[in-house]
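Asker: Let me begin by handing over the structure; questions about it come next.
Coordinate-derived values only; no laboratory data. All of these numbers come straight from a predicted model, not from anything done at the bench. Quick reminder, even Gly has a Cβ in these numbers, built from the backbone with ideal geometry, and neighbours come from all protein chains shown.
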Amino acid sequence: MSSDIAIKVDHLSKCYQIYDKPRDRLMQMLMRGRRQYYREFWALKDVSFEVRKGECVGIVGRNGSGKSTLLQLICGTLRPTCGHVITSGRIAALLELGSGFSPEFSGRENVYLNGCVLGLSRAEIDARFDTIADFADIGAFMDQPVKSYSSGMVVRLAFAVAINVDPLILVVDEALSVGDELFQRKCFSRIEAIRRTGATVLFVSHSGVTVVDLCDRAILLDGGDLLTVGRPKRVVGSYQKLLYAPAQKREAIRASIAGARFEDEGAAFVADPFGGILGESVACGGSEEIFDSGFIPQSTMVFESRGAHIGDARIFTLDGRQVNGLIRGRRYCFRYDVRFERAVTNVRFSMLIKTGTGMPLGGGLSAASQDEGLSVVEAGEGFEVDYFFNCHLNPGVYFVNSGVFGCDGSNEEVVLHRKADVLAFRVLPVPGSRATEIVDFGFECSWSVNG
């Protein structure tokens, strides 16, 4: 294995034997393989990938896709049926809720138990205990049996131990989702700090925003198969496309994702000094908006239709000029067309503005609730949807999603159609601007001498 690789997964498969009745397990043992009393369930099928040292990789997929099984195989708590895993360095893992903790032991005793399992001496655990206790922040419960803890307290303690053993590889399952928002933010901040030390992070999450925001790459699993690996924005988009696909089209979409090739994902764009993504032709700032016909996103993802189809999308100034080079502080109209292929009810339209990495910045709905949407739309009807917005974004490149929701024969609202990255726009440079980061809040700074 190369010296810059932290995790190498090579043709990894895991098969479980499913018995319908307890006696079948005994019969299988007695027959010594002459007859099969079980069904095979392949949780993972021939999965291969590598994770470089210092990289953060997210794993996404529907429930039952094999994500947790993969993490357990990497951590060594499961044995593969075929293939193998090679890791480099100490692994700290936060897998199933409470795994590795004895419910009868106190939190303090479990800290020492887990520390020993992870290879720390008692003296090393003594030196880190106060830091672990401060991060967990469970107070007097540290000396109470873990069986008396809430699920959030278990995660707090488990994560506090995992991140304070100086891991070279940190593996985290969806367990963090049970923590409160403040604790989650503290955890992700600590994950970022661990990454800056050169450690590798591998984690499962159902939150596409978290994966896009935190990860360098992402992996999409489905039905035990690895469908695609690549940029988080693209992989999460593929996951959402599969997740919201009609049942009858899911296999075709699955095959298209698995068959797609993205050898050079960055070829169509180059880095922008403002932190966004620019096309090959870069416009200079000025006092007027511009329209660049060649500035077209290469990352547009069209979701499967459930009775509606979104057409062209454009941005206009208030006097009707089409633009994609915007001036900060002005007001614009984002417009897209929708045509309905069958009758639907409770229709709502939506839009979302994102950064170049896919982080959502803000969006809107045409109605606050399903009941306030268009009550009935007939087959063949078309709409022109206008969203007016104030541009408070700092110079850079941004992407827009468009969507339409409604009910197609039931009271349950579904996505009738969606286009991710349907349009890209650039906010032009502002000479002499002192605003930083993504959004311009109109800050003004003043100071005076005090003493």
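Asker: Within 10 Å, count the other beta carbons around each residue, average over each peptide in 4-10, 31-37, and list them highest first.
Answerer: Listed from highest to lowest mean packing, they are 4-10, 31-37.
Asker: Using only the Cα atoms of segment 379-451, what are the Rg and Dmax in Å?
Answerer: Answer for segment 379-451, Rg first and Dmax second: 20.6, 74 Å.
Asker: Once you charge only the Cβ atoms, +1 for Lys and Arg and -1 for Asp and Glu, what is the size of the charge dipole of segment 275-427 about its Cα centre, to the nearest 20 debye?
Answerer: 480
Asker: Could you bin all the Cα-Cα distances of segment 328-413 into 5 Å bins starting at 0 and give me the percent of pairs in each, rounded to whole numbers?
Answerer: P(r) over segment 328-413, rounded to whole percents: 3, 13, 22, 21, 16, 11, 8, 5, 1.
Asker: Out of the DSSP beta bridges found with both residues in segment 5-259, what percent are antiparallel (nearest 5)?
Answerer: 55
Asker: Also, quick follow-up: Among A308, S148, S350, which residue has its Cα positioned farthest towards the positive end of the charge dipole of the chain, with +1 placed on the Cβ of Lys and Arg, -1 on the Cβ of Asp and Glu, and the dipole taken about the Cα centre?
Answerer: S148
Asker: Over the alpha-carbon set of segment 1-114, work out the extent along each principal axis and list the three values in angstrom, largest first.
Answerer: 48, 40, 27
Asker: Can I ask one more? Could you give each residue of segment 248-258 its phi-based ³J(HN,Hα) in whole Hz, using Karplus coefficients 6.51, -1.76, 1.60 with θ = phi - 60°, and x for Gly or Pro?
Answerer: 6, 10, 5, 5, 5, 5, 4, 5, 5, 5, 5
Asker: Calculate the dipole size of the chain relative to its Cα centre from +1 charges on Lys and Arg beta carbons and -1 charges on Asp and Glu beta carbons; express the result in debye to the nearest 20.
Answerer: For this selection, approximately 1440 debye.
Asker: For D134 and L113, calculate 0.36 nm times their separation in residues minus their Cα-Cα distance, and state this gained length in nm to one decimal.
Answerer: In short, 5.7 nm is gained.
Asker: Sticking with this one: Using only Cα atoms, locate the centre of segment 387-431 and the centre of segment 204-252, then give the distance between them in Å, rounded to an integer.
Answerer: 20
Asker: Find the all-direction average of the projected area of the Cα convex hull for segment 167-245, expressing the result in square nanometres with one decimal place.
Answerer: Value for segment 167-245: 5.8 nm².
Asker: For the chain, what proportion of DSSP beta bridges, expressed in % and rounded to the nearest 5, is antiparallel?
Answerer: 80
Asker: Positive end of the charge dipole of the chain (Lys, Arg +1 and Asp, Glu -1 on Cβ, about the Cα centre): tell me which of V57, L318, V117 has its Cα farthest that way.
Answerer: After comparing all options, I get V117.
Asker: If you don't mind, there's one more thing I want to ask. Ranked highest first by the average count of other Cβ atoms within 10 Å around their residues, in what order do 223-234, 418-429, 182-193, 110-121 fall?
Answerer: The densest-packed peptide leads the list: 418-429, 223-234, 110-121, 182-193.
Asker: Expressed in nm to one decimal, what extension gain is obtained for the pair S106 and V209 from 0.36 nm per residue of sequence separation less their Cα-Cα distance?
Answerer: 33.5 nm
Asker: Sticking with this structure for a sec: Could I have the simple spin-label model distance between T436 and R321, label points 7 Å from Cα toward Cβ, reported in nm to one decimal?
Answerer: My value for the distance between the label points is 3.3 nm.
Asker: Let me ask something additional. For segment 275-427, what does the alpha-carbon gyration tensor say about shape, rounded, prolate or oblate, given a ≥ b ≥ c as the root eigenvalues, a/c under 1.5 as rounded, and a/b over b/c as prolate?
Answerer: Cα axes put segment 275-427 in the prolate bin.
Asker: Using only alpha carbon pairs under 8 Å that are at least six residues apart, calculate the relative contact order of the chain and give it in whole percent.
Answerer: Once normalised by length, the contact order is 13 percent.
Asker: So, with +1 on the Cβ of K and R and -1 on the Cβ of D and E, and no other charges, what is the size of the charge dipole of segment 5-259 about its Cα centre, to the nearest 20 debye?
Answerer: Its charge dipole is roughly 1100 debye.
Asker: Report the one residue of L423, F129, S207 whose Cα lies farthest in the direction of the positive end of the charge dipole of the chain (charges on C-beta: Lys and Arg +1, Asp and Glu -1; origin at the Cα centre).
Answerer: About the Cα centre, the residue reaching furthest to the positive side is F129.
Asker: So if we plug the beta-carbon distance of D371 and T300 into 1/(1 + (r/R0)^6) with R0 = 30 Å, what FRET efficiency do we get, rounded to 0.05?
Answerer: 0.40
Asker: Same structure again: Taking only Cα atoms of segment 5-259, what ratio of Rg to Rh do you get with Rh as the Kirkwood inverse-distance radius?
Answerer: So for segment 5-259, dividing Rg by the Kirkwood Rh gives 1.01.
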